[in-house]
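See structure below.
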Amino acid sequence: MTPAWQSRPSCPACGNFHREIVADLPHDAPPLSTYLRTFYAPTVHPTLAGLEGGRHVVARCAGCGSHYQVLVPGEEWLGAFYGALPAMDRERQPTFVFAQRSRELVMLVEWCESRGAPLRALDFGAGRGDWARLAAAAGLEVTVMDVATAAFPSLRAAGIHCELPFGGPADRFGLIHAEQVLEHLPDPSGTVARLADLLAPGGILALGVPRDDGLDEKLRAPDWLAPKHSPASLNAVAPLEHLNAFTPSGLELLGKRHGLARVYPHGWSLLPETPSLRAGLRQFLRRRLRLEYREAMALTQTQFFTRP
């Protein structure tokens with residue numbers, strides 16, 4: 001299948017039209033042809049066969065500094081591409097990841113309860129549904145939206161409602177979770193707009209995406225064959241997969257474009273839980289440092305938004 005290439009004229013994060021092209025390489029010649037064969041063949045080889053003549057064009061936004069692929073495949077091709085990929089994330093998650101997610105979920109639920117938001121959660125782009133299962137175990141009414149449906153039977157058996165994205169009634173959710181999703185989408189702004197419409201008054205939207213603060217430097221002397229997680233890795237702008245590489249300011253502007261305000265819920269319930277302001281401050285700092293350390297180690301970032 002040959003992609004129906006679409007050209008994006010502006011930054012998908014902040015909407016700025018001013019940009020600098022920082023990479024422009026053909027898909028069917030080294031180093032990208034080698035990269036694609038190494039990382040994806042043979043699982044998606046039939047899909048890659050339609051890339052002859054295509055180009056991997058990466059731009060850096062002059063406004064927010066985010067990077068994005070200018071030419072992106074159409075949704076039909078992307079669906080075939082992801083459908084051919086093997087199942088991901090089957091290995092057991094480290095204990096500290098589960099512990100961090102549990103603490104974070106408790107704080108987000110406390111936020112919703114204190115604001116009168118419904119205890120209904122949406123896990124958008126849920127994959128195998130680890131977060132959705134955790135939220136259901138915490139007593140929330142949980143819905144999963146994903147284009148990949150392989151996990152739907154087991155999730156439904158756990159009492160979790162499953163549907164294709166934006167295919168059902170327009171329920172409102174007090175808590176919306178979208179982790180490692182926006183970087184893959186040709187139109188992340190459109191998706192955030194839809195998610196913002198689904199957010200109940202007083203609710204909170206969590207957006208998690210990869211983060212690579214050294215991307216500018218690496219693109220000046222690129223090594224497209226550098227292994228993932230290595231110091232020189234360009235996985236943040238991986239051809240065909242990571243269409244968007246958001247800076248922190250870019251991700252925040254993406255939320256603000258759709259009427260959302262960034263919030264910091266990590267210290268929301270500190271004062272009722274601690275005997276003094278000083279003890280509360282210490283606990284708040286520990287929580288913030290744990291979050292920032294986790295994100296630095298995992299090369300991720302998560303921001304939280306609500307309606308002002």
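FYI, it's all coordinate maths here, none of it is from the lab. In this text the structure is predicted, and so the values were computed from the model without any measurement. In this analysis, Cβ positions are derived from the backbone assuming ideal geometry, glycine residues included, and neighbour counts consider all displayed protein chains.
Counted by Cβ distance under 13 Å from Ser230, the other residues give a net charge of 0, where Lys and Arg count +1 and Asp and Glu count -1.
Please give the charge dipole size of region 6-89, origin at the Cα centre, charges +1 on K and R Cβ atoms and -1 on D and E Cβ atoms. Round to the nearest 20 debye.
Value, rounded to 20: 200 debye.
Net charge of the neighbourhood of His258, taken over other residues with C-beta under 14 Å away and scored Lys/Arg +1, Asp/Glu -1, is +2.
Overall shape: rounded for region 130-182, with the ratio a/c of the largest to smallest alpha carbon gyration tensor axis below 1.5.
Over region 6-89, what portion of Cα pair distances is larger than 16 Å, expressed as a whole percent? Above the 16 Å cut-off, region 6-89 has 59 percent of its Cα pairs. Summing charges over all other residues whose Cβ lies under 14 Å from the Cβ of Leu205, with Lys and Arg as +1 and Asp and Glu as -1, gives +3. What the Cα convex hull of region 96-228 gives, in volume per residue, is 144 Å³.
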